[in-house]
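The structure appears below as structure tokens.
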Amino acid sequence: MDKMNEQRENWSSSLGFIWAAAGSAVGLGNIWKFPYVTGQNGGGAFVLVYLLCIAVIGLPILLCEMALGRNTRQSPVGAFKQLAPAQSHSANLIAFMVSLGGICMLAFKAWGWGILALIIGALILRFRWVLVGVMGVLAGFVILSFYSVVAGWTIGYNFKDISGNLMFATVEEAKARFGSFAGNPFYAIGCHLLLVS
């Protein structure tokens, strides 16, 4: 079947897309850690810098990703494969710089990071811009694995709350109880499996 005529799934409405985008953008990090980080870093001033960074960095990336997906109607890997030029001087330059950084790290006996930088440089040289799509898919997988663990903790804490086991006299006691909860592999893995099933 011709790829151009291949029928792909679409959002049934713009509202569905907006809800899905908002759900992925808000995430647990903004709900869970944002108030704490705001309090630690100056309150309102931190919120202004945060919103400025979203407008300057996040919004252009969001628009580029949406335009890339709308134009190619492919997965991230397929989109970069479709649009990547046969020869890319900028990808070669990035591969050279990353590899040079790896060589410098090896010279200073930072073996692990040096070898990792050389591997990344070789991957950039081989796959060029398709690697960006692969990294996007891998980043989603890593984020999902972290969020599913935290959501499992949330389920476990709901059970503890229902049974009345969340009464703490001090912050240190709450930290110690969380450490024992997260450190118990049977309970943490059980809550995680309950979430993903």
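Structure above, values below:
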read-out: Index of the failed condition, residue 60 passing every other in (1) under 29 Å from residue 21 (Cβ atoms); (2) modelled with pLDDT under 90; value: (2)
read-out: Matching residues, the stretch 153-191, being small (Gly, Ala, Ser) and surrounded by fewer than 13 Cβ atoms within 10 Å (Cβ to Cβ); value: 163, 164, 169, 176, 179, 180, 183
read-out: Residue, farthest from residue 150 (Cα to Cα), within the stretch 25-54, restricted to residues that are at pLDDT below 80 and exposed (fewer than 10 other Cβ atoms within 10 Å of the Cβ); value: 36
read-out: Which numbered condition residue 112 fails, given (1) surrounded by 10 or more Cβ atoms within 10 Å (Cβ to Cβ); (2) without any contact (Cβ under 8 Å) to a residue 60 or more places away in the chain; value: (1)
read-out: Boolean, residue 190 is of a type in the set (Gly, Ala, Ser), farther than 19 Å from residue 23 by Cα and either modelled with pLDDT of 85 or more or not assigned by TED's automatic domain parsing to the domain that holds residue 23 (or both); value: yes
read-out: Count of residues meeting criterion [among the aromatic types (Phe, Trp, Tyr), part of a helix (DSSP H, G or I) and either free of Cβ contacts under 8 Å to residues at least 12 places away in the same chain or over 30 Å from residue 194 (Cα atoms) (or both)] in the stretch 115-156; value: 3
read-out: Residue check for residue 150: surrounded by 13 or more Cβ atoms within 10 Å (Cβ to Cβ), assigned by TED's automatic domain parsing to the domain that holds residue 183 and modelled with pLDDT under 85; value: yes
read-out: Among the residues listed as 143, 119, 124, the single one being more than 30 Å from residue 182 (Cβ to Cβ) and surrounded by fewer than 16 Cβ atoms within 10 Å (Cβ to Cβ); value: 119
read-out: From the options 127, 141, 108, residue that is farther than 18 Å from residue 61 by Cβ, within 18 Å of the chain's Cα centre (by Cα) and among the aromatic types (Phe, Trp, Tyr); value: 141
read-out: For residue 87: the one exception among (1) outside any helix (DSSP H, G or I); (2) crowded, with 17+ Cβ neighbours inside 10 Å; (3) not β-branched (Val, Ile, Thr); value: (2)
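The values are calculated or read from the model by the stated rules, or taken from the named source; none is laboratory data. This is a predicted model, so every value here is computed, not measured. With ideal geometry, Cβ positions are generated from the backbone for all residues, glycine too; neighbour counts draw on all protein chains shown.
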